[in-house]
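Before any comments, here is the structure.
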Amino acid sequence: MSSADTARPTPRRSDFPRDFRWGCSTSSYQIEGAAQEDGRGESIWDRYCATPGRIRDGSSGAVACDHYHRWSGDLDLARALGVGAYRFSVAWPRIFPDGVGERPNQAGLDFYSRLVDGMLERGLEPWATLYHWDLPQALQDRGGWENRATIEAFVDYAEAMARCLGDRVKHWITHNEPWCTAFLGHHEGIHAPGIRDYRRALQVCHHLLVSHGAALPALRGWAPDAQVGITLSLHPIEAASPSAADAAAVHRHDGTRNRWFLDPLYGRGYPADIVERLGADAPVVLAGDFETIAAPTDFLGVNYYFPEVVADAPGAGPIATRVVDRPGVERTAFGWEIAPQGLVTLLDRIRADWHPAAIYITENGSTFDDVVAPDGRVDDPKRLDYLARHLAAAREALAHGVPLKGYFAWSLLDNFEWAEGYVRRFGLIHVDYATQRRTVKASGHWYAGFLKT
Ligand code: FCB
């Protein structure tokens with residue numbers, strides 16, 4: 001255990017390189033609302049939320065933070081925090097309401113064009129994510145990511161966006177957390193589209209990875225001076241006990257959580273030990289797919305939230321592992337373990353095993369049950385603490401030689417937290433959903449103070 005795991009450290013901006021990027025992240029479905037406006041088509045999340053019992057509080061992103069109408073004020077708030085970069089995502093159904101088409105929806109393009117201009121006017125560097133989970137429902141009706149044709153649709157969509165924004169957006173992320181899309185959406189069935197089938201999830205996962213690589217030439221073509229990458233949700237994996245069986249379980253679990261993505265992206269194809277265990281469940285891979293997936297990128301986006309502790313679990317599916325709760329540790333309101341040192345372990349390992357040229361933490365953050373005080377203030381000491389300790393961990397990783405180039409806090413605003421609805425608040429800025437009033441939390445003020453030092 002190092003200092004990052006105990007008392008609140010006091011990192012200073014000046015401890016980081018001058019060109020280190022500091023930012024905040026959001027995603028389209030979680031903040032925009034305006035689900036029916038300006039020709040936006042239905043997304044798989046609209047459909048999923050409309051199915052009773054899927055979302056904890058029965059809500060949806062139909063209004064969310066109403067960012068579609070309030071984007072200008074929201075960018076002012078980001079500017080006031082002092083961040084230099086803002087990571088947002090594009091809602092594919094605003095661009096191609098039917099998923100595909102001869103021509104993109106001009107009103108959708110105009111929205112993102114205004115948004116990007118608004119960022120540039122405020123000195124915010126735009127970081128665009130193409131796919132943060134809101135697939136057009138029309139494509140799902142034709143098989144979604146399970147259908148190989150969706151790869152081509154994604155490439156056309158990527159090209160439309162790069163054509164429109166490539167002159168101004170110099171940082172592109174193809175996918176956000178393909179593990180979640182594939183396995184939460186198609187194996188556990190707790191995210192849209194709510195399918196429960198491991199074999200199908202693996203095929204979805206493969207198509208997501210191929211679509212990432214297949215989209216790169218379009219991005220590079222229309223934004224030749226841009227940096228492009230992909231964002232993965234990665235976890236350090238630890239053993240529940242010192243037994244040899246649990247150590248082997250760690251390797252297998254890591255094989256599906258981390259190696260399954262990083263190995264093919266960095267040119268090694270899928271890990272052989274996992275392919276062998278999957279047997280007939282392994283995805284269909286066509287000739288050339290691994291070359292496509294391994295197309296060179298400029299950076300790796302890492303979303304870090306928590307480590308996973310696993311035990312051997314014979315019979316629990318082909319991978320035979322079980323995630324267990326480590327007793328007696330600090331947790332967020334979501335139950336996620338708070339482990340800043342895990343970020344150091346993870347980044348050291350990524351550097352040692354895959355050597356990306358540059359790494360950005362594209363998400364990191366925490367949820368707690370925030371209370372608005374009678375004077376209107378939102379004091380969130382635990383989120384503040386979480387942030388400070390993870391920044392100290394980032395600094396430690398840098399000192400180890402990790403090519404870490406930036407940090408984006410999740411999230412600028414409280415927002416629609418997927419299956420948890422509005423129950424979970426991750427924002428540095430509080431949103432009162434009844435009035436859409438925004439209040440910078442103590443953690444947001446702390447981040448702003450840090451950024452000023
Ligand atoms: C990540 C997602 C992001 C948000 C955070 C809390 O997995 O990318 O949209 O939900 O978790």
Quiz prompt | Extreme residue, farthest from the ligand (Cβ to nearest atom), among residues of the range 426-453 that are within 25 Å of ARG47 (Cβ to Cβ) and out of contact with any Lys or Arg (no Cβ under 8 Å at 6 or more places or on another chain) | solution = TYR433
Self-check item: Qualifying positions in the range 30-52 - basic (Lys, Arg) and either in a helix (DSSP H, G or I) or farther than 11 Å from PRO93 by Cα (or both)
Solution: ARG47
Quiz item: Which of the following residues is within 16 Å of the ligand (Cβ to nearest atom), free of Cβ contacts under 8 Å to residues at least 60 places away in the same chain and closer than 30 Å to LEU262 by Cβ: ALA182, ALA91?
Solution: ALA182
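For the range 356-367, name all the residues that are within 15 Å of the ligand (Cβ to nearest atom) and β-branched (Val, Ile, Thr).
If the condition is that a residue be within 15 Å of the ligand (Cβ to nearest atom) and β-branched (Val, Ile, Thr), then ILE361, THR362, THR367 are the ones that fit.
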Quiz item: Is it the case that the range 220-235 has a residue that's out of contact with any Gly (no Cβ under 9 Å at 6 or more places or on another chain), more than 16 Å from the ligand (Cβ to nearest atom) and part of a helix (DSSP H, G or I)?
Solution: yes
Quiz item: strands (runs of 3 or more DSSP E) wholly in the range 390-453 with at least 2 residues that are out of contact with any helix residue (DSSP H, G or I) (no Cβ under 8 Å at 6 or more places or on another chain) and not β-branched (Val, Ile, Thr) - which ones?
Solution: 404-410, 429-432
Quiz item: Do we find that GLY376 is more than 23 Å from the chain's Cα centre (by Cα), under 30 Å from THR297 (Cα atoms) and part of a loop (DSSP other than H, G, I, E, B) in this structure?
Solution: no
Practice problem: Scan the range 413-453 for residues that are under 16 Å from LEU81 (Cβ atoms) and acidic (Asp, Glu) and jot them down. | Solution: ASP414
Practice problem: Taking only the range 131-154 into account, find how many residues are farther than 21 Å from GLU32 by Cα and outside any helix (DSSP H, G or I). | Solution: 5
Quiz item: If you go through the range 317-324 one residue at a time, do you hit one that is open to solvent by less than 10 Å² (accessible area, probe 1.4 Å) and not in a loop (DSSP other than H, G, I, E, B)?
Solution: no
Quiz item: Of everything in the range 291-313 that's away from the ligand (no atom under 16 Å from the Cβ) and assigned to a strand (DSSP E or B), which residue is surrounded by the fewest Cβ atoms within 10 Å (Cβ to Cβ)?
Solution: ALA311
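Among the residues in the range 262-272, are any within 16 Å of the ligand (Cβ to nearest atom), open to solvent by less than 20 Å² (accessible area, probe 1.4 Å) and over 24 Å from LEU130 (Cα atoms)?
So far as the range 262-272 goes, no, none of its residues is within 16 Å of the ligand (Cβ to nearest atom), open to solvent by less than 20 Å² (accessible area, probe 1.4 Å) and over 24 Å from LEU130 (Cα atoms).
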Self-check item: Extreme residue, farthest from ILE237 (Cα to Cα), among residues of the range 273-290 that are of a type outside the set (A, V, I, L, M) and either surrounded by fewer than 17 Cβ atoms within 10 Å (Cβ to Cβ) or at pLDDT below 95 (or both)
Solution: GLY288
Exercise. Kindly establish whether ALA239 is closer than 25 Å to LEU347 by Cα and touching a residue at least 12 places away in the same chain (Cβ under 8 Å).
Key: yes
Quiz item: From the list GLY61, GLY53, GLY41, GLY33, which residue is closer than 26 Å to GLY143 by Cα and either hydrophobic (A, V, I, L, M, F, W, C) or surrounded by fewer than 18 Cβ atoms within 10 Å (Cβ to Cβ) (or both)?
Solution: GLY53
Quiz item: Does the range 368-382 contain any residue that is open to solvent by 10 Å² or more (accessible area, probe 1.4 Å) and either closer than 24 Å to TYR131 by Cα or within 13 Å of the ligand (Cβ to nearest atom) (or both)?
Solution: yes
Self-check item: Checklist (1) polar (S, T, N, Q); (2) away from the ligand (no atom under 16 Å from the Cβ); (3) within 27 Å of HIS191 (Cα to Cα) applied to GLN106, failing item
Solution: (3)
Quiz item: Would it be correct to say that ALA399 is modelled with pLDDT of 95 or more, in contact with a Phe, Trp or Tyr (Cβ under 8 Å, 6 or more places away or on another chain) and more than 16 Å from the ligand (Cβ to nearest atom)?
Solution: no
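The values are calculated or read from the model by the stated rules, or taken from the named source; none is laboratory data. Remember, it's a predicted structure, so these values are computed and weren't measured experimentally. Reconstructed Cβ throughout: ideal geometry from the backbone, glycine too, with neighbour counts over all protein chains shown. Accessible surface areas use protein heavy atoms only, side chains included; no ligands, DNA or RNA. Shrake-Rupley method; radii C 1.70, N 1.55, O 1.52, S 1.80 Å.
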